[in-house]
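Just below is one structure, and these are the notes that go with it.
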Amino acid sequence: MHKIKVRKIGNSLGIILPKDSGIIEGESLVYQKIGNIIQLDLSEAQKEYDRCLIEEGFSDFEKGNIVTEAEIMEEFQHYGWGDKS
């Protein structure tokens, strides 16, 4: 478990979450308080984060920045790739 510092933001309180939490700026999170525990539901935020990663991964295809399997085999065959023996 990690500690997160609570900060004053205007008339409210806020926390700063690490980038690897999967939450993007402006994201709305669902939360509930259970006794002394505040639980954040990141499922919707995680879907958006995953969508961004997928779109970023496909951006090379849109730019025509692709390499064929044959080109990879030719380039790396001296490392044993594609050796069918």
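The values are calculated or read from the model by the stated rules, or taken from the named source; none is laboratory data. Remember, predicted model here, so these are calculated numbers, not experimental data. No Cβ is skipped: glycine too gets one built from the backbone with ideal geometry, and neighbour counts run over all protein chains shown. The accessibility values were calculated without ligands, DNA or RNA, using every heavy atom of the protein model including side chains. Shrake-Rupley method; radii C 1.70, N 1.55, O 1.52, S 1.80 Å.
Key figures
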item	result
Test set (1) in a helix (DSSP H, G or I); (2) open to solvent by 100 Å² or more (accessible area, probe 1.4 Å); (3) not charged (D, E, K, R) - Gly57 fails condition number	(2)
Any hit, the stretch 73-81, residues being open to solvent by less than 100 Å² (accessible area, probe 1.4 Å), hydroxyl-bearing (Ser, Thr, Tyr) and without any contact (Cβ under 8 Å) to a residue 60 or more places away in the chain	no
Total residues in the stretch 11-40, condition in contact with an Asp or Glu (Cβ under 9 Å, 6 or more places away or on another chain), surrounded by fewer than 11 Cβ atoms within 10 Å (Cβ to Cβ) and not in a strand (DSSP E or B)	1
